[in-house]
Amino acid sequence: MIVLGIESSCDETSAAVVSARGEDAALDSLVILSQDVHTIFGGVVPEIASRAHLAAIAPVVKRALEEAHVELDDIDAIGVTNGPGLVGALLVGVSFAKSLAASLEIPVIGVNHLEGHLFATALEDPEAVPPFTALLVSGGHTMLLDVPAWGEYVLLGSTRDDAAGEAFDKVAKLLGLPYPGGRHIEALAKESSGATIRFPRPMLHGGQRPGDADYYDVSFSGLKTAMLHAVRHAEARGTLDAERAQLARSFQDALVETLAAKTVRAAVEHRRTRVVLGGGVACNQALVSAVRDRVRAQVGTDAKVFAPGVRLATDNAAMIARAALFHLGRGERSELSLNAFSSMPLA
Ligand code: KG4
Ligand code: ZN
């Protein structure tokens, strides 16, 4: 079975071809067109994103088919992200997928973008399969999940305010770095020899017990405000340039330690020996190492942490095609009335 995947939920127009190989799936092609135009505005402008998807979708799909050496007639089904995301942006992918599926007389299936992120690592590593603990950290989402099996997602905790990537992006802006700022913060933090300020670890304190409302939840707005004050003070002292790297490191350490500690809590509590990371922030090597170190120390040396490579961590259609393949295998199909939704619960 050959599945064409389409993703247009935010500012990446992406198409991919994935084919079934027994229980596994092979990634035959992946094309991702990032809309750089939004850097000018310091954030994604929905109307511009929709128009850019419209211009890009047909050539991106064509290219993905060419790179996979398949013709339109070879495709057995189309998987498309239909939420959560920007509705106008999603509708471009959904409308394109439905029209193509109708003209080829093949099934179309709507995929939850977040479920796609959970499948991303499995495309690179056949061991990154349930049961596992999952940490999804992107520009729009921060979720901690228990995944006993594909298709079964138990939401343990999420952010009370900003998503992890959003916190990175806002702090990057404070430090005068370009959008999206996550990777720039990581690069800057590497220049420092260590954190100079111990920012509070949000929602992380010793007295928490499983069952407490904040045991797995996170919150980054307080950390962001603490960072704002630190930057203002450095500006007032005229030392911001000299302190930039240490500030980036101090912020990253606090955020990473919080996420790593909460992830390990989930793995220990649910006796999982596999942890899967997903979303753009999973590109952050400090986060991956922190989770790995803690998992080894607290879960066991045989426990494994899986993080996708950069192309599969950020938004892409390969993960959507892979998730679609799973649902198609269970006999699921979407109607041609398939719609797009800005919010769409996973668990
Ligand atoms: O998953 P993604 O591509 O798009 C969303 O669905 O949001 O994630 C984008 C987010 C941005 O906030 C970006 O700053 C962040 O991922 N990001 C990083 C790194 N690379 C990307 N954050 C921290 N460190 C990185 N290396
Ligand atoms: Zn995403």
Item checked: strands (runs of 3 or more DSSP E) lying entirely in the range 1-73 (those with 1 or more residues that are charged (D, E, K, R) and loosely packed, with under 15 Cβ neighbours inside 10 Å) -> 12-21, 24-34
Check: Out of the range 70-104, which residues are more than 19 Å from Ala25 (Cα to Cα) and either within 16 Å of ligand 2 (Cβ to nearest atom) or at pLDDT below 95 (or both)?
Finding: Asn82, Gly83, Pro84, Gly85, Leu86, Val87, Ala89, Leu90, Gly93
Item checked: Single unsatisfied condition, Ala20 versus (1) more than 15 Å from ligand 2 (Cβ to nearest atom); (2) in contact (Cβ under 8 Å) with a residue 12 or more places away in the chain; (3) touching a strand residue (DSSP E or B) at 6+ places or on another chain (Cβ under 6 Å); (4) closer than 30 Å to Glu127 by Cβ -> (3)
Next item on the list: Consider only pairs whose beta carbons are under 8 Å apart and that are at least six residues apart or on different chains; among these, list those whose first residue lies in the range 53-80 and is assigned by TED's automatic domain parsing to the domain that holds Ser8 and more than 14 Å from Ala97 (Cβ to Cβ) and whose second residue is in a helix (DSSP H, G or I) and of a type in the set (Asp, Glu).
Entry: none
Check: Which ones in the range 219-245 are farther than 30 Å from Gly157 by Cα, outside any helix (DSSP H, G or I) and within 31 Å of the chain's Cα centre (by Cα)?
Finding: none
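Yes/no per residue for (1) in the same structural domain as Pro210 (by TED's automatic domain parsing); (2) of a type outside the set (D, E, K, R); (3) over 22 Å from His38 (Cα atoms); (4) modelled with pLDDT under 95:
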residue: Gly139; (1), (2), (3), (4): yes, yes, no, yes
residue: Val147; (1), (2), (3), (4): yes, yes, yes, no
residue: Val154; (1), (2), (3), (4): yes, yes, yes, no
residue: Ala164; (1), (2), (3), (4): yes, yes, no, no
residue: Ala167; (1), (2), (3), (4): yes, yes, no, no
residue: Glu186; (1), (2), (3), (4): yes, no, no, no
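The rows are residues; the columns are (1) without any contact (Cβ under 8 Å) to a residue 12 or more places away in the chain; (2) within 20 Å of Val268 (Cβ to Cβ).
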position: Asp212; (1), (2): yes, yes
position: Tyr216; (1), (2): no, yes
position: Thr225; (1), (2): yes, no
position: His233; (1), (2): yes, no
Next item on the list: Among what's in the range 269-318 and is among the basic types (Lys, Arg) and assigned to a helix (DSSP H, G or I), pick the residue that is surrounded by the most Cβ atoms within 10 Å (Cβ to Cβ).
Entry: Arg294
Next item on the list: Would you confirm whether any residue within the range 330-337 is aliphatic (A, V, I, L, M), in contact with a helix residue (DSSP H, G or I) (Cβ under 9 Å, 6 or more places away or on another chain), within 16 Å of ligand 2 (Cβ to nearest atom) and over 24 Å from Ser221 (Cα atoms)?
Entry: no
Next item on the list: Taking only the range 81-126 into account, find how many residues are part of a loop (DSSP other than H, G, I, E, B) and in the same structural domain as Ala15 (by TED's automatic domain parsing).
Entry: 6
Next item on the list: Any chance you could count how many residues in the range 105-138 are touching a Ser or Thr at 6+ places or on another chain (Cβ under 7 Å), within 11 Å of ligand 2 (Cβ to nearest atom) and more than 12 Å from Leu346 (Cβ to Cβ)?
Entry: 0
Next item on the list: Run down Ala164, Ala120, Ala128 and say which single residue is more than 17 Å from Asp253 (Cα to Cα), near ligand 1 (Cβ under 10 Å from one of its atoms) and crowded, with 17+ Cβ neighbours inside 10 Å.
Entry: Ala120
Next item on the list: Among residues belonging to the range 141-189 that are touching a Lys or Arg at 6+ places or on another chain (Cβ under 8 Å), in a strand (DSSP E or B) and of a type outside the set (D, E, K, R), point out the one that is farthest from ligand 2 (Cβ to nearest atom).
Entry: Gly157
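The values are calculated or read from the model by the stated rules, or taken from the named source; none is laboratory data. Source: prediction; values computed, not measured. Using ideal geometry, Cβ is built from the backbone for each residue, glycine included, and neighbour counts are taken over all protein chains shown.
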